[in-house]
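> Shown below is the structure under consideration.
The values are calculated or read from the model by the stated rules, or taken from the named source; none is laboratory data. Just so it is clear, the model here is predicted, and its values are computed rather than measured. Neighbour counts run over all protein chains shown; Cβ positions are idealised from the backbone, glycine included. The accessibility values were calculated without ligands, DNA or RNA, using every heavy atom of the protein model including side chains. Shrake-Rupley method; radii C 1.70, N 1.55, O 1.52, S 1.80 Å.
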Amino acid sequence: MKAIDLRSDTVTRPSPGMRAAMAAAEVGDDVYGEDPTVNRLEAMAAEMLGKEAALFVCSGTQSNLIALLAHCERGDEYIVGQQAHTYKYEGGGAAVFGSIQPQPLDYEPDGSLDLAKVEAAIKPDDPHFAKTRLLCLENTQAGKVLSLDYLRRAGEFARAKRLGLHLDGARIFNAAVDLRRPVTDISRHFDSVSVCLSKGLGAPVGSVLCGSKDLIARARRWRKVVGGGMRQAGLLAAAGIYALQHNVERLARDHENARNLAEGLSRIDEVKVAPGGAQTNMVYVSVEPQRSVAMREYLKERGMLISGQGNIRLVTHLDVDRPDIDRFVGAVKEFFAQAA
């Protein structure tokens, strides 16, 4: 029976069409700038995001890291969310490699950072303090989509305060599809945007960092410094091109499946779906912690994978379809029925 993996949208396998594109990729040495498929991917990504240039990297973590290194110098500071990947989930890379100080702030319920609180966190021009150089936002943030009005105000704020503005846009295309707007309506407000190809877009590896020519030139050097220079990387870049060509609009199906998942689980008394139900392709639920461990094992025995204990994130993706959602909800119902 087909396995159902709802732990993340990073677990997808390349489709036959994507594998064929990878097998046929023309390659060269990307460190020399001679891989034509990488160059094509970078040009495509830059055009789609409305930026001058782009850089193909091995991961979203690396993309965010080299963006921070390109924006900031030793002793500088970036303002970021407490639960942001660029602060909490990427090994402290900015501090470890760049001596860049994070200033984390709590997210608002909608996934934004309160700009008044950001302003209050900006350090004075005084040798006692790190220099505040950069504001980092995340979209989607825990599946939530930042409003276009907020992004406009954040862009205006950053310019007025002479801050750089970076977007961890790992799932920026989920946000654009949810808003039913061109992705450039989001990206145009930012100096740099990191986009994951290996999440909902279905590529096996890789992200792209998009920005100005000067910023990407600095980031390219930092990519080499952190060990991210790849050689015949066109095999991977071809998957990214295929993903951008074929897997953007289909994200709407993931969102629909997440809505169906939230609706089905909301009918189970023992499962509490977070307010708002589905958030793009993510559903957050809570189950009594000790029962959640037993539920996880029960589901695993039936070929269904989830992660977390008590508070659980469920993520839909291109390897999950509507029958899988129905089967999963049915298995959760069965677990609580037999445990009663």
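> For the stretch 207-263, what does the alpha-carbon gyration tensor say about shape, rounded, prolate or oblate, given a ≥ b ≥ c as the root eigenvalues, a/c under 1.5 as rounded, and a/b over b/c as prolate? All intermediate terms of the calculation are to be shown ahead of the outcome.
Values: a/c = 2.86, a/b = 2.24, b/c = 1.28.
Prolate is the answer for the stretch 207-263, as a/c is 1.5 or above and a/b outweighs b/c.
> Now for a separate question. If you stretched the chain out fully between Arg74 and Asp149, how much longer would it get, using 0.36 nm times the residue separation minus the C-alpha to C-alpha distance? Walk me through the numbers on the way to the answer.
Working: separation 75, 0.36 × 75 = 27.00 nm, distance 3.30 nm.
The Arg74-Asp149 span can extend by a further 23.7 nm.
> Return the percentage of antiparallel bridges among DSSP beta bridges fully within the stretch 39-187, rounded to the nearest 5 %.
The antiparallel fraction comes to roughly 5 percent.
> Return the sequence-ordered ³J(HN,Hα) values of the stretch 241-252 in whole Hz as given by the Karplus equation 6.51 cos²θ - 1.76 cosθ + 1.60 applied to θ = phi - 60°, using x for Gly and Pro.
Those phi angles translate into 4, 4, 4, 5, 7, 10, 10, 7, 5, 5, 4, 4 Hz.
> For the stretch 179-261, which trypsin sites (Lys or Arg not before Pro) pass both filters: DSSP loop (anything but H, G, I, E, B) and at most 12 other C-beta atoms within 10 Å?
Qualifying residues, ordered by number: Arg180.
> Using only the alpha carbons of the stretch 67-221, determine the length spanned along each of the three principal axes and report them from longest to shortest in whole angstroms.
Each principal axis gives a Cα extent; for the stretch 67-221 these are 45, 34, 27 Å.
> Could I ask something else about it? Which value, in debye to the nearest 20, describes the size of the charge dipole of the chain about its Cα centre when Lys and Arg Cβ atoms bear +1, Asp and Glu Cβ atoms bear -1, and nothing else is charged?
Here the chain has a charge dipole of around 180 debye.
> Can I ask one more? Let me know the whole percent of all Cα-Cα pairs from the chain that are separated by more than 32 Å.
33 percent
> Rg and Dmax of the stretch 219-340 over Cα atoms: what are they, in angstrom?
18.7, 60
> Can you pull out the GluC sites (Glu not before Pro) in the stretch 192-301 whose DSSP state is coil and whose Cβ has at most 12 other Cβ atoms within 10 Å? Write down the numbers at each step before the final one.
Details: sites: Glu249, Glu256, Glu263, Glu270, Glu297, Glu301; in loops: Glu249, Glu270.
Within the stretch 192-301, the qualifying GluC sites (Glu not before Pro) (loop, at most 12 other Cβ atoms within 10 Å) are Glu249.
> Give me a comma-separated list of calculated 3J(HN,Hα) values for the stretch 68-85, in order, Karplus coefficients 6.51, -1.76, 1.60 applied at θ = phi - 60°, integers in Hz, x for any Gly or Pro.
5, 5, 6, 7, 10, 10, 4, x, 7, 9, 10, 9, 7, x, 4, 9, 6, 4
> Could you rank the peptides 46-56, 129-139 by their average count of other C-beta atoms within 10 Å per residue, with the highest value first?
129-139, 46-56
> How large is ³J(HN,Hα), in whole Hz, for each residue of the stretch 277-289 in order, when computed from phi with the Karplus curve 6.51 cos²θ - 1.76 cosθ + 1.60 and θ = phi - 60°, using x for Gly and Pro?
Residue by residue, the stretch 277-289 yields x, 6, 10, 6, 9, 10, 10, 9, 10, 10, 9, 3, x Hz.
> Give me the percent relative contact order of the stretch 186-291, please, defined on Cα pairs under 8 angstrom at least 6 residues apart. Display every interim value, and only then the final one.
On the way: 103 pairs, mean separation 19.9, N = 106.
Computed value for the stretch 186-291: 19 percent relative contact order.
> Restricting things to alpha carbons, tell me how big the stretch 76-139 is in terms of Rg and Dmax, in Å.
11.6, 35
> Between Leu105 and residues 5 or more places away or on another chain, which pairs have amide H atoms under 5 Å apart, with H built 1.01 Å from N, and which residues are they?
Counting only residues 5 or more places away or on other chains, the set is Val80, Gly81, Gln82.
> With every protein chain left in place and a probe of 1.4 Å, what is the accessible surface of Met22, to the nearest 10 Å²?
Here the accessible area works out near 40 Å².
> Shifting gears a bit: So, how do all the Cα-to-Cα distances of the stretch 1-109 break down into 10 Å bins, in percent, from 0 on up?
Each 10 Å bin holds this share of Cα pairs: 12, 28, 32, 22, 6, 0.
> Then there's this: Skipping prolines and chain starts, which residues have an amide H placed within reach, meaning under 5 Å, of the one on Thr132, given they are 5 or more residues away or on another chain?
Glu77, Lys123
> Treating cross-link reach as a plain straight distance, find the lysines whose alpha-carbon is under 21 Å from the alpha-carbon of Lys300, omitting any fewer than eight places away in the same chain.
By straight Cα distance, Lys300 reaches Lys2, Lys272, Lys333.
> Taking the DSSP beta bridges in the chain as the whole, what percent of them are antiparallel, to the nearest 5?
Working: 21 of 40 bridges.
Bridges in the chain are about 50 percent antiparallel.
> I would also like to ask the following. Which of the GluC sites (Glu not before Pro) found in the stretch 57-93 are loop residues per DSSP with 15 or fewer other Cβ atoms within 10 Å of their Cβ?
Those satisfying the criteria are Glu73.
> Rounded to the nearest 500, what is the chain's calculated 222 nm mean residue ellipticity when only DSSP H runs of at least 4 contribute -39500 (n - 2.57) each, over all residues? Please list the in-between numbers first.
Details: 14 runs with 149 residues, N = 340.
Estimated from H runs of four or more residues: -13000 deg cm²/dmol.
> Follow-up. List the lysines whose alpha-carbon lies under 17 Å from that of Lys123, not counting same-chain residues fewer than 8 positions away?
By straight Cα distance, Lys123 reaches Lys131, Lys161.
> Nearest 5 is fine: what % of DSSP beta bridges in the stretch 163-266 come out antiparallel, could you say?
60 percent
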